[in-house]
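In what follows, a structure is listed as structure tokens, so that the remarks can point back to it.
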Amino acid sequence: MSYNPGHYETNGAAVDISNQKVIWHIDHVIDNHAEKNASRVSDFLQFFLWAFRTRFADQGISVKARLLFLLRTCLHPRLSLHWYAFLYHGYLRKAVQANGFLLDAIHRPFFDHQLPLPRRLGLLKNHFHLCQVFFGKVLAREILAGKAHEIAKFKGKNGEQFHLALFWGCTYKREGGLTLGLFLDGAILQCLTFSFDRYKNDVAIKVGGIQASNHHSQESIRVATKALHGIQPRLLLIDALRSLAAGVGCTSIECVAKRNHIYQAWRYKFSKNIRAEYDQLWLAAGGTPHANGNFILPLFVADKPVSSRPANKRSEYRAREGITHAMRSDITVGLQTK
């Protein structure tokens, strides 16, 4: 299954994106254009002034934050300005006005605290470029502005209303560029934060975190697990991510290990606490360790036949299959709705 063929706009021209090689060619052209512009002194000053005027126009940030933004830009001028050029020339230029974090993103750990700055720049650019490709620039901007894009809904054991939605959450902005949330009766239950990436002609997903809601989380998860006929919400989210990955033609899913989580970076070491046991979860989901310390999830895990289950449990497993099959089908349709 592949994502729905559509059109991608570049300089006002519509380009067919059904062939992924076309996507990468467009991206390469845009990158080269931005790089050439960023290398000229006049454009260097243009991006520099635009970034600072935009960031300093935010009355909600402190003087200290403004000075740190200036300092970090000066410490890494070339990569910072390439990021500002990408934002300035792309569909995110309008989004930056409301989300100043986009300018800061290049200066802070993202997905994996071990990522060097050049690789972080590449991941950020790839993610936001692919969001435009998969969702269109209008929906991609709306998600950044706070809109939740529903991709599936289904009912629990006693008629409980579950739905899955893609959204951007400020709380999770360093773990990834997009969050997949599981909602129970309209309230967020658990969410998984990830980013799109690419390598040559392949699409990849990088999972930077999985979190439960802070509001009565343990009791809510217990109730949800019962309503889902015993399916753990976090494992259901991983199943949903696999369906999403299939829908966009993804070839790999990499999940961050606990020791590589962004909150293990020195700047957060004493202010953030990671309670989730990431490594155990990825292993339970079929993950295998990667050389970089993270885990690679299989793109597909075959469901065991109901007939192989104990006779007194088969009705429960049939109900579980009904939920997962309905969810997967809805995701396929939901990804085509832009």
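Of note:
- The conditions of being within 21 Å of Asp197 (Cβ to Cβ) and touching a residue at least 60 places away in the same chain (Cβ under 8 Å) are not met by Gly169.
- Verdict on Thr179 being part of a strand (DSSP E or B) and of a type in the set (Ser, Thr, Tyr): yes
- Some residue of segment 70-81 being under 12 Å from Phe101 (Cα atoms), open to solvent by 30 Å² or more (accessible area, probe 1.4 Å) and not basic (Lys, Arg): no
- Top-ranked residue in segment 297-330 [being exposed (fewer than 12 other Cβ atoms within 10 Å of the Cβ) and of a type in the set (A, V, I, L, M, F, W, C); ranked as farthest from Thr251 (Cα to Cα)]: Ala311
- Of all the criteria given as (1) in a helix (DSSP H, G or I); (2) farther than 25 Å from Leu180 by Cβ, the one not satisfied by Ala291 is (1).
- Of the residues making up segment 307-326, those that are touching a residue at least 24 places away in the same chain (Cβ under 8 Å) and basic (Lys, Arg) number 1.
- Extreme residue, surrounded by the fewest Cβ atoms within 10 Å (Cβ to Cβ), among residues of segment 263-289 that are at pLDDT 85 or above and charged (D, E, K, R): Glu277
- Exactly one residue out of Leu166, Leu130 is touching a strand residue (DSSP E or B) at 6+ places or on another chain (Cβ under 7 Å) and either acidic (Asp, Glu) or assigned to a strand (DSSP E or B) (or both): that is Leu166.
- Condition broken by Ile238, with the remaining ones in (1) in a helix (DSSP H, G or I); (2) at pLDDT below 95; (3) surrounded by 13 or more Cβ atoms within 10 Å (Cβ to Cβ) satisfied: (2)
- Residue that is farthest from Asp185 (Cα to Cα) [pool: residues in segment 109-138 that are of a type in the set (A, V, I, L, M) and open to solvent by 10 Å² or more (accessible area, probe 1.4 Å)]: Leu117
- Sole residue being under 30 Å from Tyr199 (Cβ atoms), touching a residue at least 12 places away in the same chain (Cβ under 8 Å) and out of contact with any helix residue (DSSP H, G or I) (no Cβ under 6 Å at 6 or more places or on another chain), chosen from Ile296, Ile274: Ile296
- Residue that is farthest from the chain's Cα centre (by Cα), among those in segment 303-338 that are more than 27 Å from Phe183 (Cα to Cα) and outside any helix (DSSP H, G or I): Pro310
- For beta carbons closer than 8 Å, sequence separation of 6+ or different chains, a first residue in segment 122-150 that is farther than 24 Å from Phe183 by Cβ and a second that is at pLDDT below 95 and of a type in the set (Lys, Arg), the qualifying pairs are Asn126/Arg198; Leu130/Arg198.
- Of the residues making up segment 42-96, those that are under 22 Å from Leu144 (Cα atoms), part of a helix (DSSP H, G or I) and of a type in the set (S, T, N, Q) are Thr54, Ser80.
- Failed item, numbered, when Val333 is tested on (1) closer than 24 Å to Gln218 by Cβ; (2) open to solvent by 70 Å² or more (accessible area, probe 1.4 Å); (3) among the β-branched types (Val, Ile, Thr): (1)
- Summed over segment 243-259, the residues that are buried (at least 20 other Cβ atoms within 10 Å of the Cβ) and part of a helix (DSSP H, G or I) give a count of 4.
The values are calculated or read from the model by the stated rules, or taken from the named source; none is laboratory data. Worth saying up front: this structure is predicted, and the values here are computed from it rather than measured. Don't worry about glycine lacking a Cβ; one is built from the backbone with ideal geometry, like all the others, and counts go over all protein chains shown. Calculation scope for accessible area: heavy atoms of the full protein, side chains included, ligands and nucleic acids excluded. Shrake-Rupley method; radii C 1.70, N 1.55, O 1.52, S 1.80 Å.
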